[in-house]
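Accompanying notes for the structure given below.
The values are calculated or read from the model by the stated rules, or taken from the named source; none is laboratory data. Only a predicted model underlies this, so the values are computations on that prediction, with no experimental measurement involved. Quick reminder, even Gly has a Cβ in these numbers, built from the backbone with ideal geometry, and neighbours come from all protein chains shown. Each accessible area value is taken on the protein alone, full model and side chains, heavy atoms only, with ligands, DNA and RNA left out. Shrake-Rupley method; radii C 1.70, N 1.55, O 1.52, S 1.80 Å.
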Amino acid sequence: QVQLVEYGGGLVQAGGSLRLSCAASKRSLNFYTMGWFRQAPGKEREFVATISYSGGSTDYLDTVKGRFTISRDNAKNTVFLQMNSLKPEDTAVYYCAAGPVYGVIANRYNYWGQGTQVTVSS
């Protein structure tokens, strides 16, 4: 069992930055693909970014490429999402997830955090 907790959400003006962290407990994340997803009010949950267990492969939602960066520190059992040049349309609850298979599909991830709210004002 993996327990995930997200940190770092908040309110920021458009053009600003936030750094989300996802800390794991009870089990090492070293062999898990990690992903970030988000869900805005009235919308379905969508993929944002993913990183392989080694950190050697990453993938992003097209609309966040060049603005968001996913990274991980396996020694600290933590995954990060650096978000720059934020836009109002980035407003959502952001979730981190862990799974055994690299990919962008939510149902391939077995473990989920409780989510952290990110609000970008215009």
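Summary table
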read-out	value
Karplus 3J(HN,Hα) series, Hz, for region 108-117 with 6.51 cos²θ - 1.76 cosθ + 1.60 (x for Gly, Pro)	8, 9, 8, 10, 9, x, 8, x, 9, 7
Where labels lie 7 Å past Cα in the beta-carbon direction, separation of Asp73 and Ala40 in nm	3.2
Partner lysines for Lys43 [C-alpha distance under 19 Å; skip if fewer than 8 residues away on the same chain]	Lys87
Calculated FRET value between Arg108 and Ser25, using beta carbons and R₀ = 25 Å, to 0.05	0.70
Protein accessible area in the chain, 1.4 Å probe - carbon and sulfur %	48
Over the chain, relative contact order from alpha-carbon pairs under 8 Å, at least 6 apart, %	36
For Thr91, distant residues with modelled amide H under 5 Å away	Val120
Accessible surface, the chain, averaged per residue in Å² (probe 1.4 Å)	51
Gain upon complete extension [Asn84, Lys65; 0.36 nm per residue less C-alpha separation]	5.8 nm
